[in-house]
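Here is the structure we will look at, set down as structure tokens.
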């Protein structure tokens, strides 16, 4: 029954929870805290940041939690390798999601401003969308960031079961990756103007999920050591 619970029931419940956040929670939060609308010019709710943190922020926590935990309970190489895999998968998915979102937004903007031409060419605005697979900030934040968060955590913890050292390693790695991501978003990102327009807001939305991760992951890793769930060391 224990194997059934941890091998089947818990993973399925976690999978449902992960899917529920963007599929159910985001539409609900968008209703209560409307996001800014580039097409209509509506400013949106000042609390829309809550939606960003609980959806994209939650996804980032899940993606980076795996390399961070492996760095804590195994070693720097396991953490770095897991970070590369998880970061690459998230980069591919997140870039694709935002490309489609940008295509739709630019198309709507064109159609609103050019209603006569739009009748003959309803997707004209698509040509202005950016190829975010080539965005250096996406590559750096998710692929390089994933490697860094796993490797740094493993290197600083160095297999120690001491919770204070695990917490210090996790927070240091998470904050380092957060600052690294913010700098990329502010400088080389295709959407750097958004970060530059409100740096404090951008810094907060970048750092908060990672700081939360830097606290939660060591707790999970420590509990794993209590139950002997860490990889066997030879």
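Values quoted throughout were computed directly from the atomic coordinates according to the rules given, and no laboratory measurement underlies them. The shown structure was predicted, so the numbers you read here are calculated from the model rather than taken from an experiment. Methodologically, a virtual Cβ is constructed for each residue, glycine included, from the backbone with ideal geometry; neighbour enumeration extends over all protein chains shown.
At least 3 residues that are crowded, with 17+ Cβ neighbours inside 10 Å and touching a strand residue (DSSP E or B) at 6+ places or on another chain (Cβ under 8 Å) in each: list the helices (runs of 4 or more DSSP H) lying fully within the stretch 1-82 that qualify.
No helices (runs of 4 or more DSSP H) qualify here.
List every residue pair whose Cβ atoms lie under 6 Å apart, where the two residues are 6 or more positions apart in sequence or sit on different chains, the first residue falls within the stretch 15-30 and is touching a residue at least 24 places away in the same chain (Cβ under 8 Å), and the second residue, located anywhere, is part of a helix (DSSP H, G or I) and surrounded by 15 or more Cβ atoms within 10 Å (Cβ to Cβ).
21/55; 21/58; 22/55; 26/55; 29/51
Would you check which residues across the stretch 128-148 are under 19 Å from residue 84 (Cβ atoms), touching a helix residue (DSSP H, G or I) at 6+ places or on another chain (Cβ under 6 Å) and surrounded by fewer than 17 Cβ atoms within 10 Å (Cβ to Cβ) and list them?
133
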